[in-house]
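To start, the structure itself, in structure tokens.
The values are calculated or read from the model by the stated rules, or taken from the named source; none is laboratory data. Remember, predicted model here, so these are calculated numbers, not experimental data. Methodologically, a virtual Cβ is constructed for each residue, glycine included, from the backbone with ideal geometry; neighbour enumeration extends over all protein chains shown.
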């Protein structure tokens with residue numbers, strides 16, 4: 001099974017100085033274990 005990212009999961013930005021931030025907004029209505037699934041272009045904090 002491939003890993004996925006969900007609303008609230010942490011995202012590590014590869015750009016210098018960005019750090020690790022949570023996914024705060026997702027456009028998808030899909031859910032896994034009751035949490036909405038993140039896709040490319042969704043917002044982080």
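Here are a few things to note about the model shown:
- Per the conditions (1) out of contact with any strand residue (DSSP E or B) (no Cβ under 8 Å at 6 or more places or on another chain); (2) surrounded by 10 or more Cβ atoms within 10 Å (Cβ to Cβ), the sole criterion not satisfied by residue 35 is (1).
- Selection count, segment 12-35, where residues are in contact (Cβ under 8 Å) with a residue 24 or more places away in the chain and more than 16 Å from residue 2 (Cα to Cα): 3
- Filtering segment 20-45 to residues that are modelled with pLDDT under 90 and in a loop (DSSP other than H, G, I, E, B) leaves 28, 33, 45.
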